[in-house]
Amino acid sequence: MNSEDIGQVVDHLSGLYIDEALTTKARFPVEQGCLPDYALVVVASNNGVLRMMKEHLAVAVALNLPLVFAVTKIDLCPPNILKQTLSDIGRLLKSSALNKMPVIVRTNADVLLAARSMSGDVRIAPIFLLSSVTGAGMDLLRLFLNVAPLRKDGSKEADASAA
């Protein structure tokens, strides 16, 4: 990978700013109008949907950010608990307050479909099942982060079309 390739990756990923539910260090840029393109909501599969995750989700929804879920620790989690966690996330997303459609991403085709739909149908909420121990699902999340379209008005594409 040469420096030009690295520059392109950095340009793309700079719009995917991820922070823990707008901690103090992240609030200032948001208050100045610098919003991330997506909210990546991380849920430990063995802990399920906790109050803190709901608070993080509320911030993302208030900012009208498309939601992406990363369900982690799937290697530790018993199947019945994982099923319950996914059910709780699905119920929360389908609620009248959010009106989102959860989509579990299992293949490269699912990733491309989710990324394509993020540019138009922000009702889609992709869910990635991940394990940092076995590496399961990490390739799919990495692919999504690389192909997901940027939503920023100030992106290079918007600047080029205005010129």
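Per-structure values
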{"quantity": "Helices (runs of 4 or more DSSP H) lying entirely in the stretch 42-136 (those with 2 or more residues that are without any contact (Cβ under 8 Å) to a residue 60 or more places away in the chain, of a type in the set (Gly, Ala, Ser) and open to solvent by less than 20 Å² (accessible area, probe 1.4 Å))", "calculated": "108-118"}
{"quantity": "Tally of residues being among the charged types (D, E, K, R) and in contact with a Phe, Trp or Tyr (Cβ under 9 Å, 6 or more places away or on another chain) across the stretch 111-146", "calculated": "0"}
{"quantity": "The stretch 60-81, subset farther than 19 Å from residue 118 by Cβ and β-branched (Val, Ile, Thr), residue farthest from the chain's Cα centre (by Cα)", "calculated": "81"}
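The values are calculated or read from the model by the stated rules, or taken from the named source; none is laboratory data. Treat the numbers as computed from the prediction; the structure is a model and nothing was measured. All Cβ positions, even for glycine, are placed from backbone atoms using ideal geometry, and neighbour counts span all protein chains on display. Calculation scope for accessible area: heavy atoms of the full protein, side chains included, ligands and nucleic acids excluded. Shrake-Rupley method; radii C 1.70, N 1.55, O 1.52, S 1.80 Å.
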